[in-house]
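Taking it in order: structure first as C-alpha cells, then the write-up.
The values are calculated or read from the model by the stated rules, or taken from the named source; none is laboratory data. Computed from a predicted structure; not experimentally measured. Note that we place each Cβ from the backbone using ideal geometry, even for glycine, and neighbour counts take in every protein chain shown. Calculation scope for accessible area: heavy atoms of the full protein, side chains included, ligands and nucleic acids excluded. Shrake-Rupley method; radii C 1.70, N 1.55, O 1.52, S 1.80 Å.
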Amino acid sequence: MSLHPDTNTLNSYFDYNATTPMAGETMAAIQAALPLFANPSSNTLLAKNTKHIVSTARQNMAALLGAKPEQIFFTSGGSESNNWAIKGVLYPQLPKPGHIITTAIEHPSVLSTLGYFEQEHGFSVTYLKPDHSGAISTSQVENAIKPNTQLISIMTANNETGRLQPIESIAKLAQQRAIPFHVDAVQQVGKTPFSCTELGVDFASVSAHKFYGPKGIGCLYIKEPHNLNPLIHGGGQEDGMRSGTENLLALSGLAAAAEQASIHIEQWHGKAWQQKQLLMQLLDQSWLPVSFNGALSNQDALTNCLNASINGLRGEALALRLELNHGIQVSIGSACSNNKQKQLSHVLSAMQISEQTIQSAIRISFGQFTTEQDIRYLVAALEAEASALLGIGGKIANG
C-alpha cells in the first residue's frame, strides 16, 4: 500500500504500480502512441493517427467538463492554466488597472500571479477569508465587488480540505455584473460530476494527473476563446492560442483518463464517500486525540480526502514515520521550516484554526482502488506511530 504519486491519494500496491483497470487504460494509450512520430500539425498521411489522438483528447476532455471541444485548450497543467486565464484577462487592463476578487485559500499559482499584478502593476486585490469550515459565501463576493472589478478567481474545491465553494451562484453574480470569472477546478474535476456550461464559468483550469492521467498535461476551458489573448504565439497550434508542437504521449494518456473518468465518476464518487465515512468512524473509535479540519459532508467537501489533526503531534514527524515504517504517504498541513509563519498552512490559517492544530494536521486522501483493508491498515499505522511519538515525547497514550 502506498500513495499514488499522480493523485496525492492513498492506494493499494497494485494501484501504485499501474495494474488497475483505470491506470491500465492510461498506460495502454501511451504505449500505443509511442511509435507514432508524425507531427500532428503536419499535412502528411502519417499524421492522420496523431491528429486523431489530439482530436480524441479534446473531445474526451470536453465531455468530462460539460463543454464543447472548441472551448478546450491544452496546457502543461493547472499552474499554467491559472496563469493564462489570469494574465489573459488582466494584461489588456494594464493601462487602467482595477480590482480583483479572490480568496485567501487559493493555490499558490493563483495567489502568486495575483500578487504579481498587485505589486508590479498597481491592481488592488481583495482576499476573501473563509469561515471555520473553509467556505466562501456568495454574499462575501457580492459585497466585495467594486465598479472597477475586472476579475474574480476562486477555486472550486480546496486542495487541503476538499471544501467546495458555491461556484454556480457566484458565476451568476459575475455574469450579472459582466465580470470575467475564473475557477481553479484542478482538485474537483475527475472526483465529482462537473459541467462548465451548467456552472456558467468563463475559465476553468484542469490537470490530468488528478484523475489518473499523465503529469505535465492539462487544459484551460475558455467559454469565449476570442475574448482571451493567446498564451504562446508561433505555429498556430491550439487554434493559434497556444503554439508549439503537441505533447502527443501526454495527450494520449489524457484522452484515456478523461474517457474513464466520464464513465465511472458517479461510481467513484459514491465509493469515495463510503471510504471517507469508514475512515472518520475508525478514527473516532480509536484512542487517537483527533479532530477534523473543515467541512465533512459529501455536499460540502470532496469525498476523497480528509484533513485531520492529532493533538500533541507534529504532522511532519507523523508523516515521515508512516512512510518509513508502513509505506504510507500522507500530505502535511505544514512544511518543515524554522520560520513558523512560513511553515503554517495558509489555508488552515485563513480558517482561523489554531497554530497547534495546524502543526498537527495531515491530509489523508485515497484513490478509486483503495480498499477497506487499506483504510484499516492506515488507522492501525496511525495508532502505532502516534503511540511511539507520544512515548518519545514523554507522554503515555491510553488505549
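Looking at segment 225-341, the accessible area is 46 square angstrom per residue; that uses a 1.4 Å probe and ignores ligands, DNA and RNA. Counting only protein heavy atoms and a 1.4 Å probe, segment 133-183 has 36 square angstrom of accessible area per residue. Mind checking which aspartates and glutamates have their C-alpha under 19 Å from Lys276, skipping anything on the same chain fewer than 8 residues away? Lys276 reaches Asp15, Glu160, Glu266, Asp284, Asp300, Glu372, Asp374, Glu383.
On a 0 to 90 degree scale, rounded to 10, what angle separates helix 248-285 from the longest Cα axis of the chain? Approximately 30 degrees, to the nearest ten. For the chain, the longest principal axis of the C-alpha atoms and the axis of helix 21-33 are separated by about 40°. Between Ala384 and Trp273, residue separation times 0.36 nm minus the direct Cα-Cα distance comes to 37.4 nm. For Trp287, the accessible surface of its heavy atoms amounts to roughly 70 Å² (probe 1.4 Å, protein chains only, rounded to the nearest 10).
Using the structure shown, list the pairs from Lys87/Lys210; Lys68/Lys191; Lys191/Lys223; Lys96/Lys210; Lys68/Lys215 with a Cα-Cα distance above 26 Å, or answer none.
Lys96/Lys210
Using the alpha-carbon centroid of each, what span in Å lies between segment 215-292 and segment 123-139? Between the Cα centres of segment 215-292 and segment 123-139 lies a distance of 24 Å. Against the empirical curve 2.2 N^0.38 Å, the C-alpha radius of gyration of segment 70-190 lands at a ratio of 1.00. For a quick check, take a GNM of the chain with Cα springs below 10 Å and name the residue from Arg242, Arg58, Arg163 with the largest mean-square fluctuation. Result: Arg242 has the largest fluctuation of those listed. Ignoring aspartates and glutamates fewer than eight residues from Lys129 along the same chain, the ones with Cα atoms less than 13 angstrom from its Cα are Glu106. Take His132: with every protein chain present and a 1.4 Å probe, its accessible area is about 120 Å². Projected over every direction and averaged, the convex hull enclosing the alpha-carbon atoms of the chain yields 20.0 nm².
Along each principal axis, taking the top coordinate minus the bottom one, the Cα set of segment 16-146 gives 54, 39, 25 Å in descending order. Between Ala28 and Glu266, the FRET efficiency from the beta-carbon distance, with R0 = 25 Å, is close to 0.60.
Applying 0.36 nm per residue to the separation of Ser195 and Leu46 and subtracting their alpha-carbon distance, the gain on full extension is 50.1 nm.
Probe radius 1.4 Å, ligands and nucleic acids ignored: give me the carbon and sulfur share of the accessible area of segment 129-201 as a rounded percent.
Carbon and sulfur: 49 percent of the exposed surface of segment 129-201.
In the chain, the calculated helix contribution to ellipticity at 222 nm averages -13000 deg cm²/dmol per residue, counting -39,500 (n - 2.57) for every DSSP H run with n ≥ 4.
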